[in-house]
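Worksheet: the structure to be examined is printed underneath.
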Amino acid sequence: MKILITNDDGIHAKGLLTLIRILKPYGSLTIVAPKRAQSGMSMAVTMGYKPIAVRHLESKPGEDWWYLDGTPASCIKYGIDNVLFPERPDLVVSGINHGSNAATASIYSGTIGAAMEGAVNGIPALGVSLDSFSDDADFSCVEALLPGILDKLLPRLSGRFGLFYNINFPNRPADRIHGIRVGRMGYGHWEREYQPYGEFLRRRGRVPSEEDCRYVAHLEPGEELVVMAGDFTDNGNNPADADHILLQQGYVVITPENIDNTDLGEIERLCAII
């Protein structure tokens with residue numbers, strides 16, 4: 001099996017390295033990951049005739065490593081169109097994301113956007129996430145349980161165009177996970193999303209990154225710094241099998257999603273009145 005892998009946390013992220021260890025027994029791996037973090041990019045692509053840096057890092061048995069200074073979806077495009085062409089991957093896997101992509105987070109996620117790019121190309125695709133934003137998150141539960149999920153899922157992947165799977169793991173040891181459930185996308189939104197940057201650093205006990213310092217050095221007069229770090233809020237009236245609710249209860253949740261955004265119920269309603 002030829003597996004194309006990316007993420008949205010960047011080429012050096014711990015989650016990506018963990019995913020590669022998990023997937024090595026399943027086939028030949030081609031890794032095309034963003035040079036730097038690209039969270040929140042959804043299915044955005046790097047375009048507008050903008051030059052994009054790409055680098056072949058190394059080839060070793062069963063692994064071919066690249067980075068692209070672009071979005072996760074762009075990484076999948078480059079892997080399909082340039083690295084693997086004229087062959088095609090049998091599977092696209094994106095992750096392991098540092099942070100949950102349950103509920104409406106999946107709409108914004110670069111991790112899920114990369115899986116969607118696989119689905120657009122008719123390739124079975126998975127996005128895998130852990131409910132921890134820590135750079136040094138403990139992925140041991142994913143290492144323990146994801147192979148069993150893959151063993152059941154991969155031989156039975158649906159051939160329906162546009163389908164992909166969003167898999168979220170709770171941030172707890174494997175022996176404290178209650179099981180694996182199939183869920184649906186929950187409904188929620190974020191509040192207090194933009195916060196003063198200095199206040200954010202103090203509250204989180206963080207120091208500015210080198211990239212942030214370079215950005216601050218080029219602020220124009222009158223500009224202020226804010227950071228997007230809101231609080232997820234359940235919309236209420238979610239069904240019991242909403243993915244974010246099951247995740248909070250301690251289940252691994254598999255949410256089948258689709259790139260087809262057509263509201264079939266609204267088609268019926270419109271046809272009756274137009």
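Worth a mention:
- Pairs are defined by a Cβ separation below 8 Å, a sequence spacing of at least 6 or placement on different chains, a first member in the stretch 234-253 that is closer than 15 Å to ILE180 by Cβ, and a second member that is part of a helix (DSSP H, G or I) and among the basic types (Lys, Arg); the pairs so defined are GLY250/ARG176.
- Every residue from the stretch 18-41 that is in contact with a helix residue (DSSP H, G or I) (Cβ under 7 Å, 6 or more places away or on another chain) and among the small types (Gly, Ala, Ser): ALA33, SER39, GLY40
- Test: LEU154 is surrounded by fewer than 19 Cβ atoms within 10 Å (Cβ to Cβ) and either assigned by TED's automatic domain parsing to the domain that holds VAL253 or assigned to a strand (DSSP E or B) (or both): yes
- Condition check for GLY188: closer than 27 Å to ASN7 by Cβ and either touching a residue at least 12 places away in the same chain (Cβ under 8 Å) or within 25 Å of the chain's Cα centre (by Cα) (or both): yes
- Some residue of the stretch 171-185 being modelled with pLDDT of 95 or more, part of a loop (DSSP other than H, G, I, E, B), out of contact with any strand residue (DSSP E or B) (no Cβ under 9 Å at 6 or more places or on another chain) and surrounded by fewer than 12 Cβ atoms within 10 Å (Cβ to Cβ): yes
- Filter result for the condition that a residue is at negative phi and free of Cβ contacts under 8 Å to residues at least 24 places away in the same chain, over ALA73, ALA53: ALA53
- Taken as a whole, the condition of being in the same structural domain as MET47 (by TED's automatic domain parsing), at pLDDT 95 or above and under 13 Å from the mean Cα position of the chain (by Cα) applies to SER106.
The values are calculated or read from the model by the stated rules, or taken from the named source; none is laboratory data. It should be emphasised that the depicted structure is a prediction, and the values quoted were computed from it without experimental measurement. Don't worry about glycine lacking a Cβ; one is built from the backbone with ideal geometry, like all the others, and counts go over all protein chains shown.
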